[in-house]
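Notes follow the structure.
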Amino acid sequence: MSAAATDLSVDSVTGIPVALRVAGPGVRAYAFLIDWHIRLVLALAWFAAASLLYNGRLSLSPPSASEPRWFALVLAPALAIFLVYHLVLEFALRGRTPGKRVAGVRIVDRHGGVPSAGALLARNVFRLIDSLPLFYGVGLIAVIVSAEHLRVGDLAAGTLLVYESAPTFAAPELEHLAPQVDAQDAEIAAELLGRWSGLGSEARLRLARTLLARSGIDAPQLQAMDVDALQRALRRLAGATATAP
Amino acid sequence: MSRGARDAALTANLLSRAPLWRAADARARRLAHGHAEEASDAARLADDYRLLAHDLARMRSLLPASRAREYLEGAYARAHATLHNGAWHLTSALWRLLRLELPDVVRWLRPYIFWATLIFVLAALAGYALVQRYPELIALFAPPELIASVERGQLWTQGLLNVVPSSILSAEILTNNIVVSLIAYCAGFLFGLGTLYILGLNGLMLGAVFAFVGQHALARALFTFIVAHGCVELSVMCLSGAAGAAVGEALARPGAAGRAESFRVAALRSGQLLIVCVLLLIGCGLIEGYVSPDPRFTLAERLAIGIGYWLFMLALLSGWLWPTPRGR
């Protein structure tokens, strides 16, 4: 099933496996720390704001006797924010939390899909084990030593943390070239690149701009491109994006 | 034609299909959230999936390290997940859990429930016998305030509502019960031994406290206090223990599937029971906060609430509450 130690490869009926890059300990810790700070700040903010409103003066102190309203309005929501933050947001955001979004990762099941409600619950319940003995010690060791960087909660729930893929296809130069490029231009571009080091800077600019203009790039845009940008555009035109040094 | 030129032409042709990928990805995202504009939208997803697979295979060989490939990988993964999982709705997931999955899980866990209950009951009997024979051993099982209160001839629960309001009491109790229940389940990770200790310890404590209050003629008062919430609360303790035991057995005796896979299957399956346990414990917490400490409720009323809630739990777990689905 796995293509590599850090890839989740899911078989597909098309014969082309779905490949998802598994997140490592560093990015997991990064996402967790962001989430930890967010939930702490939210819980404290709630506590402070609700306390000020409840007391009606600049004081955060709890009432001297147990008061149900203080408990229900001030303490319980603050605790709830801190304790069920992960579970609620992972449900609502389909395997994501703000911290995971910032770190560019999300939770998926073994088929690459959004985990079920039961899986997310199991994943979060097993935080009790992962957080032992202190500072997520068990979870951290499990993430470091396991091949797919899984903590105990992930093992129990059958989930993984994978990198988010690019949400948009932002390659304007490539798309721009696509309709106009033909094999002959690509061959000339490859030849020009082969002679690149032997040409003077003036000749490089002139030839590159002429060839790229034939591929449909606007003159003002070409004028704005420096030598390096022109060379990159030529490489793409030559179809050598992946292999060019 | 040179190989470079041929690849460039293929790449250009491939990239010209970018608008098709965007449309396919947008459709997959929309359908993943359950928003189908029309029936043909859903039917087109299968075509999109094939298109993305085809183009991705070419992209992997032509532009393996490009942003375009990264985008296509993501779009393909999203289409795959949408096609195979469909949209996820909380209400339908909950309905499926209660109506179909829960009764199946309970059937599967029956032997574990039997053994967990037996261990709990035996531990309670052992605790009772120990304190009955050696009263001083109560110090091992109960806090000093509880012992002092009982020795004064008063249950520690009397006048509880004068000290703590029902709402706070309920929240404290249900939080504590849920945590204990989750720990009993998670402790199954220690090859079931953790669950065994938690069940045994809770059983010993219950039996010991009953023996101790019995020696001070308070057994009836304690029974009156716990009967309304205790029937379900203790049952849920055994259910959580059974779920933990299933996890423990999957790790200790994994079978042909391997330890990690057995653990995953057992944890996921038995975890479904835990959702219902948490919901039942919320009910117990409310009863324990509002009914149990309130002297206005008679024993008969408390019995009716306790037994009624317990029967509701049985009906919920066995699927009697819902109509049987066709073909089952």
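Annotations
- Here is the list for segment A:1-99: trypsin sites (Lys or Arg not before Pro) lying in DSSP coil, each with at most 12 other C-beta atoms within 10 angstrom of its C-beta, are A:Arg57.
- In a fully extended conformation the segment linking B:Ala219 and B:Gln158 would gain 20.6 nm over its present Cα-Cα distance, using 0.36 nm per residue.
- Here is what passes the span test in chain B: the DSSP H helices with alpha carbon length of 15 Å or more along the helix axis and a Kyte-Doolittle mean of -0.5 or above are B:3-15, B:18-32, B:39-62, B:102-133, B:166-186, B:193-215, B:219-252, B:259-290, B:299-318.
- Oblate is the label for segment B:170-328, because a/c, from the alpha-carbon gyration tensor with a ≥ b ≥ c as root eigenvalues, is 1.5 or above and a/b does not exceed b/c.
- A:Leu79 paired with A:Val102, simple spin-label distance in nm, labels 7 Å along Cα-to-beta-carbon: 2.7 nm
- Relative contact order for segment B:151-224, counting Cα pairs under 8 Å that sit 6 or more residues apart, in percent: 37 percent
- For chain B, the convex hull spanned by the alpha carbon atoms encloses 212 Å³ per residue.
- Extension gain, A:Thr210 back to A:Val145 (0.36 nm per residue minus Cα-Cα distance, nm): 17.9 nm
- The Stokes-Einstein estimate for segment A:1-126, based on a Kirkwood radius over Cα pairs and taken at 10 °C with 1.306 mPa s viscosity, is a diffusion coefficient of 93 µm²/s.
- Working note: 222 nm ellipticity from helices only, DSSP H runs with n ≥ 4, each -39,500 (n - 2.57), summed and divided by the residues of chain B, gives -26500 deg cm²/dmol to the nearest 500.
- Modelled label reach - B:Ser16, point 7 Å along Cα→Cβ, segment A:202-239 residues with backbone N closer than 14 Å: A:216
- Residues in segment A:105-119 that a label on B:Arg96 would reach, taking backbone N under 13 Å of a point 7 Å out along Cα→Cβ: A:114-119
- A:Arg195/A:Asp7 FRET efficiency (R0 35 Å; Cβ-Cβ; nearest 0.05): 0.35
- 10 Å binning of all Cα-Cα separations within segment B:1-157, expressed as whole percents from 0 upward: 9, 20, 15, 12, 11, 9, 12, 9, 3, 1, 0
- Rough spin-label spacing in nm, given labels placed 7 Å along Cα→Cβ, for A:Arg21 and A:Ser64: 6.2 nm
- Annotation: the residues A:His37, A:His86, sorted from fewest to most other C-beta atoms within 10 Å of their own C-beta, follow the order A:His37, A:His86.
- FRET efficiency, B:Thr298 to A:Asp218 (Cβ-Cβ, R0 56 Å, nearest 0.05): 0.05
- Cα-based shape type of segment A:87-132, given that a ≥ b ≥ c are square roots of the gyration tensor eigenvalues and the cut on a/c is 1.5: oblate
- Basic side chains Lys and Arg get +1 at the Cβ, acidic Asp and Glu get -1 at the Cβ, and with that the dipole of the protein assembly as shown about its Cα centre reaches some 500 debye.
- Contact order relative to length of chain A, as percent, for alpha carbon pairs under 8 angstrom and 6 or more apart: 17 percent
- Cα centroid of segment A:220-236 to Cα centroid of segment B:216-231, whole Å: 84 Å
- Using a cutoff of 8 angstrom between alpha carbon atoms and counting only pairs six or more residues apart, the relative contact order for chain B works out to 21 percent.
- For segment A:21-119, the list of chymotrypsin sites (Phe, Trp or Tyr not before Pro) that fall in a loop by DSSP and count at most 13 other C-beta atoms within 10 angstrom is empty.
- Cα centroids of segment A:80-103 and segment B:121-197: 34 Å apart.
- Comparing B:Ala142, B:Pro165, A:Leu199 along the charge dipole axis of the protein assembly as shown, the residue lying farthest to the positive side is A:Leu199, per the Cβ-charge model.
- Counting all C-alpha pairs of chain A, share separated by more than 30 Å (%): 54 percent
- For B:Ala129 and B:Ala42, the FRET efficiency from 1/(1 + (r/R0)^6), where r spans their Cβ atoms and R0 equals 56 Å, is about 0.30.
Each reported figure results from applying straightforward, stated rules to the coordinates on display, with no laboratory input. Because the structure is a prediction, the values reported are computed rather than measured. When we count neighbours, we look across all protein chains shown, and the Cβ atoms used for this are built from the backbone with ideal geometry, even at glycine.
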